[in-house]
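The values are calculated or read from the model by the stated rules, or taken from the named source; none is laboratory data. Everything numeric here is computed off the predicted structure, so don't read it as measured data. Note that each Cβ is placed from the backbone with ideal geometry, even for glycine, and that neighbours are counted across all protein chains shown. Surface accessibility is based on the protein's heavy atoms, side chains included, excluding ligands, DNA and RNA. Shrake-Rupley method; radii C 1.70, N 1.55, O 1.52, S 1.80 Å.
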Amino acid sequence: MRDILRVPMFALMLLCLTLIVFVTIYILAARHPKLGATLEKIFVGILFFTITGGSGIMTMPFTKLHPNVFYNLETTPPTMIGQIAIYGAMILMIFPRLTKTTQKTVYICIKWIAGDIFLGLFLLILTLSGLWSQTPEITFRAIFAIWGVTLVSIYVGKVYSWSEIYGLLRWLTGLLALWSVVKTNAAPDGCWTGVLGHKNPFSFQMANTASLWILYAFKEPKYRYLSLFIILIALIGLQKGCSGASTARRKYTDY
């Protein structure tokens, strides 16, 4: 693939195609607010997959989108530029929606940070930590990444209601459970790690998935069979994860 990209004509054609797709999506999102809202949820879901469990999903392209890539010592400049370009493109594609949803969000963010003394103090120390760091070039990149995740989290908490966040998390965890069961990635000891790379975050995510879908089974009886299917998959993953979460569940069941 890299050899193909080095061919000037092919690289130019790919760039032109990317620009056409980008402009088309931007125009459609500007004309159709529902499409902009749907794209925003998709981008929030991508970020969720990228950072879930701390390490995020350990498959491409999510490994290249994780915020820690931006301040990793081994990250090359082209990778950082590519990451900035991807996130920048996401923001630009939903910019027509952001112009409406961020009118009061900026004020809310400032008021929220200023009103929470501990959060404000933490972010202040975080921002100033680069001044006394022995590796300021790495520290400032980490500060930029943490601020980015923080602002996106505040934005999601401001724009979406608890009901919308619950629905979004439910479907994202359900997809993650299905993906992790299909791609179990068993460790040498036989414990499943799924697409998360380690049994602990995998098991915690399976427990979280089961909890969300159990609530949904009671809330929406007409989707009870779908909920039971996801719950069963999550419990199997929880059992196969062999972490403290699954051990605690087994002890509780035995009791």
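Test Phe144 against the stated conditions and say whether it is out of contact with any Phe, Trp or Tyr (no Cβ under 9 Å at 6 or more places or on another chain), within 29 Å of Met80 (Cβ to Cβ) and not polar (S, T, N, Q). Judged against the criteria, Phe144 is not a match. Considered as a group, the residues in the stretch 88-112 that are in contact (Cβ under 8 Å) with a residue 12 or more places away in the chain and aromatic (Phe, Trp, Tyr) include one that is least open to solvent (accessible area, probe 1.4 Å), and that residue is Phe95. Those residues that are over 17 Å from Leu169 (Cβ atoms), touching a Lys or Arg at 6+ places or on another chain (Cβ under 6 Å) and not β-branched (Val, Ile, Thr), I need them from the stretch 187-221; list them, please. Scanning the stretch 187-221 gives Cys191, Trp192. For beta carbons closer than 6 Å, sequence separation of 6+ or different chains, a first residue in the stretch 46-75 that is farther than 15 Å from Thr173 by Cβ and β-branched (Val, Ile, Thr) and a second that is assigned to a loop (DSSP other than H, G, I, E, B) and modelled with pLDDT of 75 or more, the qualifying pairs are Thr59/Val195; Val69/Thr75.
Scanning the stretch 54-76 for residues that are open to solvent by 40 Å² or more (accessible area, probe 1.4 Å) and in contact with a Gly (Cβ under 8 Å, 6 or more places away or on another chain) gives Ser55, Met58, Thr63, Lys64.
Which residues, taken from the stretch 204-226, are more than 20 Å from Leu47 (Cα to Cα), within 20 Å of the chain's Cα centre (by Cα) and crowded, with 17+ Cβ neighbours inside 10 Å? Ala207, Ala210, Trp213 - these are the residues of the stretch 204-226 that are more than 20 Å from Leu47 (Cα to Cα), within 20 Å of the chain's Cα centre (by Cα) and crowded, with 17+ Cβ neighbours inside 10 Å. You will find that of Gly115, Gly120, the residue that is surrounded by 13 or more Cβ atoms within 10 Å (Cβ to Cβ), farther than 23 Å from Leu65 by Cβ and of a type outside the set (Lys, Arg) is Gly120 and no other. Those helices (runs of 4 or more DSSP H) of the stretch 134-232 in which 1 or more residues are at pLDDT below 85 and over 30 Å from Leu123 (Cβ atoms) occupy 162-182, 199-219.
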